[in-house]
Amino acid sequence: MGLWCTDNRVKFAPLPHVEALLYSEQSMVYRESIKSHFPKALLSIGVFLFLAGSAHAETIEVYSKQHQIDRVIKSMEGTVDDENFSLLKSDKPELLWVTASRVMVVDANTHVPESADMLCHSHMMFPYANFNSKKHNSLFGFQTNLDIKLFTVVQGQTDIQLPRNFAIPVLSNETFAFSSMIISPRHPPTPLQVQAKGTFEFYRDSEMKTPPKPLFWRGLSVMVPVKNRDPSDHCGSEMLGSLPPQTIDAEPAKASLNLVHKHKSGNYQESYHWMVPPGRHEYRYVLEYGLMTPFDTTLHYINTHLHPFAESLEIRDLTTGQSIYKGLSKNLKDGIGIAELTHFSSEQGVPVYKDHQYELVCIYNNTTPNDIDAMAIMFVYLHDKNFDRRQLKLAKSAQTYNAHVGF
Ligand SMILES: [Cu+2]
């Protein structure tokens, strides 16, 4: 089985000139609007872009609370911080297209970036308390299939730029959460005051002559059978899955005992956070039919979340016998952590089918004498091919909208 596609690393586009800094008191949210001004020499390019229907990118920056780092903080052991924000403050909801996410850990006073490996993970997502996927997608006439998260970036890949001409449709006055966890693979020589800084890029539909193709996100997680613990039904939508082929029960990770739950067959407990004994181990997990995608479509972007000592996470189409993508992980040279993860990005996309069976395969090589903790999650972005923005009937005002979604 060869790789179906190669990894195309995409760099986050440099931010254009930033103006009009706004500040909202409640939650350390800064909004920046990008002035699109073309120097005379570039006027002809500007006219061309206008004729071609190119809108300008806008970004919003969101900051987490401050954290003091004065020791080594391992993966998943930092404090979680959530800050709510919306992309625009407008009375009338308008359609926006989100294209990129970049998260940095910065010095709280100077905003100078710290080492990228101090970010454990971060999400741009709908707040847990308010989110109901059906209700959300009803705003788009049930033509979209958005789930709770838009982006998850992690140690090893702290930015995502969706492929050219692809974006996630949202409304301007929806509330999002910038969720982040800061860790520290090394002991700092002096205590550090740091914050996570999220930068999210979007376009206004009203400025786009040709809209991008819509994408929706799915989180596919390897679940491993674990030794008996108290059952819990605490299980996110991305954690649903099916019978794993391996039979050896792993030790569940202590940090996530509340996420151990019974497999729906009722025969065993499973967890997406488990312990790997010394040595090289392969974990396979077959996804239930329909979990990869609710309809036949194409896959355009993949990023992964793995813990230190992971080698790879692969997705295979068992129906065709093809490997769709194998994401690789490189460990830090100094300290325990992930230096780099590969990702997949393609405008052309890879076909995926509702009725095909898919399998996740991850390899951990624990070179230490002790057990280490592991996760293996693949985030896929699929073409939401039934969404037609011309069918979108937006509520007349923010009040109508908010009443509709129950805020
Ligand atoms: Cu993790």
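The values are calculated or read from the model by the stated rules, or taken from the named source; none is laboratory data. It should be emphasised that the depicted structure is a prediction, and the values quoted were computed from it without experimental measurement. Neighbour counts are summed over all protein chains in view; Cβ atoms, including those assigned to glycine, are modelled from backbone coordinates with ideal geometry.
Quick one: would you say LEU96 is surrounded by 19 or more Cβ atoms within 10 Å (Cβ to Cβ) and assigned to a loop (DSSP other than H, G, I, E, B)?
On the way: surrounded by 19 or more Cβ atoms within 10 Å (Cβ to Cβ): yes; assigned to a loop (DSSP other than H, G, I, E, B): no.
Spelling it out, it is not the case that LEU96 is surrounded by 19 or more Cβ atoms within 10 Å (Cβ to Cβ) and assigned to a loop (DSSP other than H, G, I, E, B).
Does HIS111 meet the test of being away from the ligand (no atom under 16 Å from the Cβ), under 30 Å from ASN331 (Cα atoms) and either part of a loop (DSSP other than H, G, I, E, B) or at pLDDT 90 or above (or both)? It would help to see each step written out before you state the result.
Numbers: away from the ligand (no atom under 16 Å from the Cβ): yes; under 30 Å from ASN331 (Cα atoms): yes; either part of a loop (DSSP other than H, G, I, E, B) or at pLDDT 90 or above (or both): yes.
Yes; evaluated as a whole, the condition is true for this residue.
Out of the residues in segment 130-150 meeting the condition of being away from the ligand (no atom under 16 Å from the Cβ) and of a type in the set (Lys, Arg), tell me which one is surrounded by the most Cβ atoms within 10 Å (Cβ to Cβ). Give the steps one after another, and end with the answer.
First, the residues of segment 130-150 that are away from the ligand (no atom under 16 Å from the Cβ): 130-148, 150.
When the remaining residues are screened for being of a type in the set (Lys, Arg), the result is 134-135.
Working: LYS134: 7, LYS135: 12.
Selected residue: LYS135.
Go through segment 76-107 and give me each residue that's touching a Gly at 6+ places or on another chain (Cβ under 8 Å) and either within 16 Å of the ligand (Cβ to nearest atom) or on the phi > 0 side of the Ramachandran plot (or both).
The one that is touching a Gly at 6+ places or on another chain (Cβ under 8 Å) and either within 16 Å of the ligand (Cβ to nearest atom) or on the phi > 0 side of the Ramachandran plot (or both): VAL103.
Looking at segment 282-292 only, could you name the residues that are surrounded by fewer than 21 Cβ atoms within 10 Å (Cβ to Cβ) and touching a residue at least 60 places away in the same chain (Cβ under 8 Å)?
Just the residues of segment 282-292 that are surrounded by fewer than 21 Cβ atoms within 10 Å (Cβ to Cβ), to begin with: 282, 284, 286, 288-291.
Result: GLU282, ARG284, VAL286, TYR289, GLY290, LEU291.
Restricting to segment 310-337, name every residue that is among the hydrophobic types (A, V, I, L, M, F, W, C) and either touching a Cys at 6+ places or on another chain (Cβ under 8 Å) or surrounded by 23 or more Cβ atoms within 10 Å (Cβ to Cβ) (or both). So that I can check it myself, show each step before the final result.
First pass over segment 310-337, keeping only residues among the hydrophobic types (A, V, I, L, M, F, W, C): 310, 313, 315, 318, 324, 328, 332, 336.
ALA310, LEU313, ILE315, ILE324 - these are the residues of segment 310-337 that are among the hydrophobic types (A, V, I, L, M, F, W, C) and either touching a Cys at 6+ places or on another chain (Cβ under 8 Å) or surrounded by 23 or more Cβ atoms within 10 Å (Cβ to Cβ) (or both).
Could you figure out which of (1) crowded, with 19+ Cβ neighbours inside 10 Å; (2) touching an Asp or Glu at 6+ places or on another chain (Cβ under 7 Å); (3) more than 30 Å from PRO169 (Cα to Cα); (4) modelled with pLDDT under 85 isn't true of HIS261?
Failing condition for HIS261: (4).
Within segment 377-387, restricting attention to residues that are more than 9 Å from the ligand (Cβ to nearest atom) and among the aliphatic types (A, V, I, L, M), which residue is surrounded by the fewest Cβ atoms within 10 Å (Cβ to Cβ)?
We begin by selecting, within segment 377-387, every residue more than 9 Å from the ligand (Cβ to nearest atom); these are 378-387.
Going one step further and asking which of them are among the aliphatic types (A, V, I, L, M), we end up with 378, 380, 382.
Working: MET378: 27, VAL380: 25, LEU382: 23.
Per the criteria, the residue is LEU382.
Exactly one condition in (1) in contact (Cβ under 8 Å) with a residue 60 or more places away in the chain; (2) within 21 Å of THR342 (Cα to Cα); (3) β-branched (Val, Ile, Thr) is not met by THR158; state its number.
All conditions are met except number (1).
Condition check: more than 16 Å from the ligand (Cβ to nearest atom) and under 30 Å from PRO212 (Cα atoms). Does GLU314 satisfy that? Can you show your working first?
On the way: more than 16 Å from the ligand (Cβ to nearest atom): yes; under 30 Å from PRO212 (Cα atoms): yes.
Answer is yes for this residue.
Anything in segment 114-129 that is assigned to a strand (DSSP E or B) and more than 15 Å from the ligand (Cβ to nearest atom)? List them, or say none. Before you say what the answer is, go through the steps one by one.
Restricting attention to segment 114-129, the residues satisfying the condition of being assigned to a strand (DSSP E or B) are 119-125.
Answer for segment 114-129, where residues must be assigned to a strand (DSSP E or B) and more than 15 Å from the ligand (Cβ to nearest atom): MET124, MET125.
Name, by its number, the condition in (1) at pLDDT 95 or above; (2) touching an Asp or Glu at 6+ places or on another chain (Cβ under 7 Å) that does not hold for ILE160.
Status for ILE160: all satisfied but (2).
Cβ contacts < 9 Å: first residue in contact (Cβ under 8 Å) with a residue 12 or more places away in the chain, restricted to segment 112-141; second residue among the aromatic types (Phe, Trp, Tyr) and surrounded by fewer than 21 Cβ atoms within 10 Å (Cβ to Cβ), any location; separation 6+ or different chain. Result?
MET125/PHE131; ASN130/PHE407; LEU139/TYR401
Only residues that are touching a residue at least 12 places away in the same chain (Cβ under 8 Å) and either part of a loop (DSSP other than H, G, I, E, B) or among the aliphatic types (A, V, I, L, M) (or both): list them for segment 265-281, please.
To start, the set of residues in segment 265-281 that are touching a residue at least 12 places away in the same chain (Cβ under 8 Å) comprises 265, 268-281.
Answer for segment 265-281, where residues must be touching a residue at least 12 places away in the same chain (Cβ under 8 Å) and either part of a loop (DSSP other than H, G, I, E, B) or among the aliphatic types (A, V, I, L, M) (or both): SER265, TYR268, TYR272, HIS273, MET275, VAL276, PRO277, PRO278.
Would you be able to tell me the number of residues in segment 101-136 that are more than 15 Å from GLY337 (Cβ to Cβ), more than 14 Å from the chain's Cα centre (by Cα) and small (Gly, Ala, Ser)?
Residues that pass the stated criteria total 3.
Among the residues of segment 264-281 satisfying the criterion of being surrounded by 19 or more Cβ atoms within 10 Å (Cβ to Cβ) and among the hydroxyl-bearing types (Ser, Thr, Tyr), which is farthest from the ligand (Cβ to nearest atom)?
In this case the residue turns out to be SER271.
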